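First comes the structure, then the notes that go with it.
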């Protein structure tokens with residue numbers, strides 16, 4: 001039995017939201033699949049943790065982030081083609097952002113989501129390599145997609161540590177895991193050591209030097225002057241989060257599941273990094289403004305991979321962004337586009353007598369909160385010989401109230417549960 005594992009990025013809301021995006025969305029194909037499926041709910045990491053996508057995805061693939069995670073930075077770097085020198089380099093996930101003339105007050109953490117990849121790469125040229133002036137240290141900036149970037153801070157002589165705080169105030173570090181903060185002061189946070197080691201103190205000091213040097217380099221950059229003339233927010237600072245100074249030491253995903261061959265379709269650097277880290281086969285695709293085209297390309301690649309793999313992981317972008325922006329109508333529309341241009345043609349083209357389907361989210365991004373939350377997300381499992389639960393649609397309430405697979409306390413329990421169901 002093949003398994004197609006479909007993750008709708010941030011599509012879930014809270015059970016207490018009235019209504020949820022899933023309840024409002026017209027999604028006939030997803031709902032028809034739900035009526036043939038079993039359902040349940042899952043905390044993608046654990047109760048009380050509002051996860052970022054990378055730690056949540058590792059969890060719902062079967063890894064325990066509390067034991068095996070070392071921070072998003074190194075994984076994001078791996079996805080961008082960068083391997084850091086352990087102990088002497090620290091990688092951060094980064095955002096180009098907008099601050100006021102003081103360089104402190106944050107106007108927008110993502111430059112209004114209008115920064116193009118081309119603009120970001122042009123800005124990154126100015127800060128591609130920075131001499132930080134202490135500890136024989138340097139910083140390197142690599143722009144990835146849109147406002148996103150990877151920053152590596154390193155030293156030629158001195159050891160560094162990933163155990164430092166974020167300068168992005170929207171995420172708080174708890175151990176290696178960054179947790180979304182529901183409310184925060186929009187001020188660039190100082191990077192601080194999270195233990196008493198010299199390595200952490202050095203790294204925090206260097207991160208703060210980096211932040212100031214980047215602001216000075218970008219505030220009057222020609223790209224930003226052009227953006228201001230167009231009425232767009234400048235990308236005049238880089239916010240850092242999720243530091244790590246080594247990749248997780250984890251077994252290949254095939255070893256977790258009796259030698260099954262896994263493949264993944266990846267758009268973003270962090271997804272590429274996770275696929276490479278877990279030793280999946282990777283098919284890379286690009287984000288496209290035309291979602292019909294984007295989802296069509298992804299579906300074609302997924303069906304091709306399904307011929308040669310036991311499990312194909314598909315991560316569909318779309319619902320998360322309007323969730324962050326608090327826009328219910330846009331989030332609903334994004335779910336409807338996935339239903340129309342991915343789920344509907346999938347159900348027509350895939351052999352449902354030989355293929356199981358798992359649909360869920362990596363985390364909830366409720367439009368009512370405008371941030372990731374620790375709420376459980378719904379999931380459905382279809383298999384040709386399964387006894388359906390009687391779900392009327394795919395939604396948080398239906399899966400919570402009628403789903404026979406229950407409420408799973410941790411994401412790393414999900415795939416094992418699914419294989420138990422489909423391999424009976």
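Only a single item in (1) over 26 Å from residue 416 (Cα atoms); (2) modelled with pLDDT of 95 or more; (3) surrounded by fewer than 22 Cβ atoms within 10 Å (Cβ to Cβ); (4) out of contact with any strand residue (DSSP E or B) (no Cβ under 6 Å at 6 or more places or on another chain) is not met by residue 88, and it is number (4).
Looking only at residues that are in contact with a strand residue (DSSP E or B) (Cβ under 6 Å, 6 or more places away or on another chain) and in contact (Cβ under 8 Å) with a residue 24 or more places away in the chain in the range 195-206, which one is surrounded by the most Cβ atoms within 10 Å (Cβ to Cβ)? Don't jump to the end; show me each part of the working.
Quick first cut of the range 195-206, residues in contact with a strand residue (DSSP E or B) (Cβ under 6 Å, 6 or more places away or on another chain) only: 200-201, 203-204, 206.
After this cut, where a residue has to be in contact (Cβ under 8 Å) with a residue 24 or more places away in the chain as well, the list is 200, 203-204, 206.
Working: 200: 22, 203: 30, 204: 22, 206: 25.
Of everything passing the filter in the range 195-206, 203 is surrounded by the most Cβ atoms within 10 Å (Cβ to Cβ).
Quick check on my filter: what residues within the range 97-113 are touching a strand residue (DSSP E or B) at 6+ places or on another chain (Cβ under 8 Å) and not in a strand (DSSP E or B)? Scanning the range 97-113 gives 100, 103, 104, 109, 110, 111, 112. The set of residues in the range 132-159 being on the phi < 0 side of the Ramachandran plot and in a loop (DSSP other than H, G, I, E, B) consists of 132, 134, 144, 145, 147, 156, 157, 158, 159.
Per this entry, residue 331 is not counted among residues that are under 24 Å from residue 420 (Cβ atoms) and modelled with pLDDT of 95 or more.
Collect the residues in the range 157-171 that are over 24 Å from residue 325 (Cα atoms) and touching a strand residue (DSSP E or B) at 6+ places or on another chain (Cβ under 8 Å), keeping them in residue-number order. Let's see the steps before the verdict.
Start the filter on the range 157-171 by keeping residues that are over 24 Å from residue 325 (Cα atoms), which leaves 157-165.
Those that are over 24 Å from residue 325 (Cα atoms) and touching a strand residue (DSSP E or B) at 6+ places or on another chain (Cβ under 8 Å): 158, 160, 161, 162, 163, 164, 165.
Condition check for residue 70 on (1) in contact with a helix residue (DSSP H, G or I) (Cβ under 7 Å, 6 or more places away or on another chain); (2) more than 30 Å from residue 421 (Cβ to Cβ); (3) at pLDDT below 95: one failure, at (1). Scanning the range 40-67 for residues that are over 20 Å from residue 314 (Cβ atoms) and either in contact with a helix residue (DSSP H, G or I) (Cβ under 8 Å, 6 or more places away or on another chain) or not in a helix (DSSP H, G or I) (or both) turns up 41, 43, 45, 46, 47, 48, 49, 50, 64, 65. Which members of the range 168-188 meet the condition of being surrounded by 21 or more Cβ atoms within 10 Å (Cβ to Cβ) and either more than 19 Å from the chain's Cα centre (by Cα) or over 21 Å from residue 49 (Cβ atoms) (or both)? Of everything in the range 168-188, just one residue is surrounded by 21 or more Cβ atoms within 10 Å (Cβ to Cβ) and either more than 19 Å from the chain's Cα centre (by Cα) or over 21 Å from residue 49 (Cβ atoms) (or both), namely 188.
Quickly run through the range 114-131 and pick out the residues that are farther than 14 Å from residue 92 by Cβ and part of a loop (DSSP other than H, G, I, E, B). Answer for the range 114-131, where residues must be farther than 14 Å from residue 92 by Cβ and part of a loop (DSSP other than H, G, I, E, B): 114, 115, 116, 128.
I'm checking my understanding of the structure. Among residues of the range 234-287 that are assigned to a strand (DSSP E or B) and free of Cβ contacts under 8 Å to residues at least 60 places away in the same chain, which one is nearest to residue 148 (Cα to Cα)? Ranking the candidates gives 284 first.
Answer with yes or no whether residue 3 is in contact with a strand residue (DSSP E or B) (Cβ under 8 Å, 6 or more places away or on another chain) and buried (at least 24 other Cβ atoms within 10 Å of the Cβ).
Details: in contact with a strand residue (DSSP E or B) (Cβ under 8 Å, 6 or more places away or on another chain): yes; buried (at least 24 other Cβ atoms within 10 Å of the Cβ): yes.
The answer is yes for residue 3.
In the condition set (1) touching a strand residue (DSSP E or B) at 6+ places or on another chain (Cβ under 7 Å); (2) touching a residue at least 12 places away in the same chain (Cβ under 8 Å); (3) surrounded by fewer than 19 Cβ atoms within 10 Å (Cβ to Cβ); (4) within 24 Å of residue 81 (Cβ to Cβ), residue 124 is compliant with all but (3). The single condition among (1) out of contact with any strand residue (DSSP E or B) (no Cβ under 6 Å at 6 or more places or on another chain); (2) surrounded by fewer than 22 Cβ atoms within 10 Å (Cβ to Cβ); (3) not assigned by TED's automatic domain parsing to the domain that holds residue 313 that residue 79 does not satisfy is (2). Within the range 44-66, can one find any residue that is more than 16 Å from residue 248 (Cα to Cα) and outside the structural domain of residue 285 (by TED's automatic domain parsing)? Looking for residues that are more than 16 Å from residue 248 (Cα to Cα) and outside the structural domain of residue 285 (by TED's automatic domain parsing), one finds none in the range 44-66, hence no. Meeting the requirement of 2 or more residues that are closer than 27 Å to residue 301 by Cα, in contact (Cβ under 8 Å) with a residue 24 or more places away in the chain and under 23 Å from the mean Cα position of the chain (by Cα), the helices (runs of 4 or more DSSP H) wholly within the range 319-424 are 320-324, 328-338, 414-422.
The values are calculated or read from the model by the stated rules, or taken from the named source; none is laboratory data. What you see is a predicted model, and the numbers here were worked out from it, not measured in a lab. Note: ideal-geometry Cβ built from the backbone for every residue, glycine included; neighbour counts use all protein chains shown.
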